[in-house]
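Peer 1: Submitted below is the structure of interest, expressed as structure tokens.
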Amino acid sequence: MSTSPFSSCAFQQRASSRWPSRRPPSTATSRRSLVVAAAAAASNFANENREYVIVGGGNAAGYAARTFVEHGMADGRLCIVSKEAVAPYERPALTKGYLFPLDKKPSRLPGFHTCVGAGDERHTSEWYKEHGIEVLYEDPVAAIDTQNQILTTSSGNHLKYGSLIISTGCAAVRFPENIGGNLPGVHYIRDVADADSLVSSLEKAKKVVVIGGGYIGMEVAAAAAGWNLDTTIIFPDDHIMPRLFTPSLARRYEELYQKNGIKFIKGVLIDKLEGGTDGRVATVLLRNGSIIEADTVIVGIGAKPVVSPFEAVGLNKKVGGIQVDSLFRTSIPGIFAIGDVAAFPLKIYDRMARVEHVDHARKSAQHCVRTLLTAHTQPYDYLPFFYSRVFEYEGSSRKIWWQFYGDNVGDTIEVGDFDLKVATFWLNSESRVKGIFLESGSPEEFALLPKLAKSQPVVDRAKLQGASSVEEALEIASSSL
């Protein structure tokens, strides 16, 4: 029996009334300053009202801004406060195309600014200027006064807000400094600066160690293979992607990675990272006594929600993050939270969840802003979705693209030849489809997955087990819709 990657806890109900935002006094000017440098003097900002403020400059912030524009409520009313040096972008690119070798057409900004991931135009800094959206770059929020509705940024700026959307995302879990977590050559990836630093290391690297067998580890290792580097993945579990992959499915992917020259060291823990005579990381010491040479180390051991300095709005201690209701309202009127940082009711499975994925970042942002700006009160009804795309650089012998929808609980049935395509179905005791995974599907086949996971049809278990191909298995499942 598989366990779900989503934690749950009892949801505490919030008041159902909408909390109206406060509008700032009207001014004679038609538009505020559009983009304000983070280093500007604090006196330029003291007590100046912003009708709507988004804290955070990632995926969710970019899609929230687009939704404000669509409702005609951005121009001169919206401010984004970001720790990033650039306008919001599609963060998944950082562990995929961004890490490709320079001769294999890597992704670079402005190519993946939001909202290109949803088929929209690329919203560069000029787009924000054109739509009257003020953006404070490289100036994260350091404190909040919820009673007086004032934010204080790290540079000392004070911003009074009417309605606040917290979109701070997650930060990478880091190794402590005393075991080498901050040595030169040790990398974590959360933003463009991190990815740039890693690319610089890969250009000179000979031996790469990736610590962690989850999303980050698998995607970074696949990119490193494109550089033809000696690459080893180290993780404590029995197989890769243990929160989603079955042992059988993991084995197929591990074999593919090994064909690309990537080595695995499983079931071990890291003792410490040690530097060489030049101070740069040189070895990875395992708790079993083994020593692995490395001049570049990428740590991908998870992420944690960035809740500071917003703890007072209410946290969910079980799944982490800021507690919200089905409209993304926190316990404090006028304050919302979206994206990775939000702990929300996962309606379809009747539990609380916090989802770290771009799909949820986009959809939660759109749902929240519609709630804020309109009479929209429909509860957020999210279907968990995960995907990965690796080995997509030029010259790769096999490009990988899989998608998963639903909940990976229950018994599993695997169908197909991995060399072509493979599917895994999760069925409960009533033979209802709870989750479905597909590798190398066609656009039509991928489009079928959310329909199956959402409707959870009862399927003929014996027929599904006897299917001779993925196509036949999907036909059996779809006939039950």
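The values are calculated or read from the model by the stated rules, or taken from the named source; none is laboratory data. If you're wondering where the values come from, they're calculated on a predicted model, not measured in any experiment. No Cβ is skipped: glycine too gets one built from the backbone with ideal geometry, and neighbour counts run over all protein chains shown.
Peer 1: Going by the conditions given, is Asn148 at pLDDT 95 or above, in the same structural domain as Arg329 (by TED's automatic domain parsing) and surrounded by fewer than 17 Cβ atoms within 10 Å (Cβ to Cβ)?
Peer 2: Considered against the rule, which asks whether it is at pLDDT 95 or above, in the same structural domain as Arg329 (by TED's automatic domain parsing) and surrounded by fewer than 17 Cβ atoms within 10 Å (Cβ to Cβ), Asn148 comes out as yes.
Peer 1: Follow-up. Exactly one of (1) under 30 Å from Glu414 (Cβ atoms); (2) part of a loop (DSSP other than H, G, I, E, B) is unmet by Ile265. Its number?
Peer 2: Here Ile265 clears every test but (2).
Peer 1: Quick test for you: out of Thr232, Thr246, pick the one residue that is closer than 14 Å to Lys206 by Cα, in contact with a strand residue (DSSP E or B) (Cβ under 8 Å, 6 or more places away or on another chain) and either polar (S, T, N, Q) or buried (at least 22 other Cβ atoms within 10 Å of the Cβ) (or both).
Peer 2: Unique residue meeting the criteria: Thr232.
Peer 1: In addition: Going residue by residue through segment 155-165, is there one that turns out to be surrounded by 20 or more Cβ atoms within 10 Å (Cβ to Cβ) and either closer than 30 Å to Ile234 by Cα or under 20 Å from the mean Cα position of the chain (by Cα) (or both)?
Peer 2: So far as segment 155-165 goes, yes, one or more of its residues are surrounded by 20 or more Cβ atoms within 10 Å (Cβ to Cβ) and either closer than 30 Å to Ile234 by Cα or under 20 Å from the mean Cα position of the chain (by Cα) (or both).
Peer 1: Moving on. Among the numbered criteria (1) in contact with a Phe, Trp or Tyr (Cβ under 7 Å, 6 or more places away or on another chain); (2) in a loop (DSSP other than H, G, I, E, B), which one does Thr412 miss?
Peer 2: Going through the list (1) in contact with a Phe, Trp or Tyr (Cβ under 7 Å, 6 or more places away or on another chain); (2) in a loop (DSSP other than H, G, I, E, B), Thr412 breaks only (2).
Peer 1: Let me confirm something: among Asp325, Asp340, which residue is part of a loop (DSSP other than H, G, I, E, B) and closer than 20 Å to Ala365 by Cα?
Peer 2: Asp325
Peer 1: Follow-up question, since we're still on this one. Within segment 434-479, how many residues turn out to be free of Cβ contacts under 8 Å to residues at least 24 places away in the same chain and over 18 Å from Thr412 (Cα atoms)?
Peer 2: 5
Peer 1: Out of segment 75-105, which residues are of a type in the set (Gly, Ala, Ser) and either surrounded by fewer than 24 Cβ atoms within 10 Å (Cβ to Cβ) or closer than 30 Å to Asn228 by Cβ (or both)?
Peer 2: Gly76, Ala85, Ala93, Gly97
Peer 1: Is it fair to say Lys105 is at pLDDT below 95 and in contact with a Phe, Trp or Tyr (Cβ under 9 Å, 6 or more places away or on another chain)?
Peer 2: yes
Peer 1: If you don't mind, there's one more thing I want to ask. Can you tell me which residue within segment 303-322, out of those that are among the hydrophobic types (A, V, I, L, M, F, W, C) and assigned to a loop (DSSP other than H, G, I, E, B), is surrounded by the most Cβ atoms within 10 Å (Cβ to Cβ)?
Peer 2: Top of the filtered list is Phe310.
Peer 1: When both residues are 6+ apart or on different chains and their Cβ atoms are under 6 Å apart, which pairs have a first residue that lies in segment 96-111 and is within 15 Å of Glu203 (Cα to Cα), and a second that is charged (D, E, K, R)?
Peer 2: Lys104/Glu394
Peer 1: Taking segment 259-302 as the search range and keeping residues that are of a type in the set (S, T, N, Q) and touching a strand residue (DSSP E or B) at 6+ places or on another chain (Cβ under 7 Å), which one is surrounded by the fewest Cβ atoms within 10 Å (Cβ to Cβ)?
Peer 2: Thr283
Peer 1: Next question, about the same structure. Say whether the condition of being in contact with a His (Cβ under 7 Å, 6 or more places away or on another chain) and hydrophobic (A, V, I, L, M, F, W, C) is met by at least one residue in segment 316-326.
Peer 2: So far as segment 316-326 goes, no, none of its residues is in contact with a His (Cβ under 7 Å, 6 or more places away or on another chain) and hydrophobic (A, V, I, L, M, F, W, C).
Peer 1: Further question on the same structure: Looking at this structure, is Ser440 over 28 Å from the mean Cα position of the chain (by Cα) and hydroxyl-bearing (Ser, Thr, Tyr)?
Peer 2: In short, no.
Peer 1: Ok, one more. When you look at Glu430, is it in contact (Cβ under 8 Å) with a residue 60 or more places away in the chain and either outside any loop (DSSP other than H, G, I, E, B) or among the acidic types (Asp, Glu) (or both), yes or no?
Peer 2: In short, no.
Peer 1: Same structure again: Of all residues in segment 395-445 being farther than 18 Å from Leu244 by Cα, of a type in the set (S, T, N, Q) and at pLDDT 95 or above, which is surrounded by the most Cβ atoms within 10 Å (Cβ to Cβ)?
Peer 2: Step by step, filter segment 395-445, then rank; the result is Ser431.
Peer 1: Let me ask another. Taking the stated definitions as given, is Val355 within 21 Å of Lys96 (Cα to Cα), touching an Asp or Glu at 6+ places or on another chain (Cβ under 7 Å) and among the β-branched types (Val, Ile, Thr)?
Peer 2: No.
Peer 1: Name every residue in segment 199-225 that is over 18 Å from Phe175 (Cβ atoms) and touching a helix residue (DSSP H, G or I) at 6+ places or on another chain (Cβ under 6 Å), in order of residue number.
Peer 2: Passing the criteria: Glu219, Ala223.
Peer 1: Among the residues of segment 332-353, what is the count of those that are in contact with a strand residue (DSSP E or B) (Cβ under 7 Å, 6 or more places away or on another chain) and under 28 Å from Ile150 (Cα atoms)?
Peer 2: 10
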